Amino acid sequence: MADHDDDKKAYLASQKKRNLAIGLSLGAFVILVFIVSLVRMAEGVAAGH
């Protein structure tokens with residue numbers, strides 16, 4: 001029974017790490033898209049479009 005509890009704790013710990021990595025990756029992607037959008041809009045304004 002102790003093995004089952006240890007397995008569950010290990011599974012939940014790895015799941016938490018994986019979710020954190022996915023969340024950080026998604027956040028980084030959103031920031032990247034935002035920065036690229038700002039740069040493209042600034043170039044359009046500078047070109048007079």
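The values are calculated or read from the model by the stated rules, or taken from the named source; none is laboratory data. Computed from a predicted model, the values in this text were never measured in an experiment. A quick note on method: Cβ atoms are made from the backbone with ideal geometry, for glycine too, and the neighbour counts reach across all protein chains shown.
For this structure, a couple of remarks:
- Residue among 27, 44 that is at pLDDT below 95, in a helix (DSSP H, G or I) and surrounded by 10 or more Cβ atoms within 10 Å (Cβ to Cβ): 44
- Count of residues meeting criterion [more than 17 Å from the chain's Cα centre (by Cα) and in a helix (DSSP H, G or I)] in the range 1-24: 12
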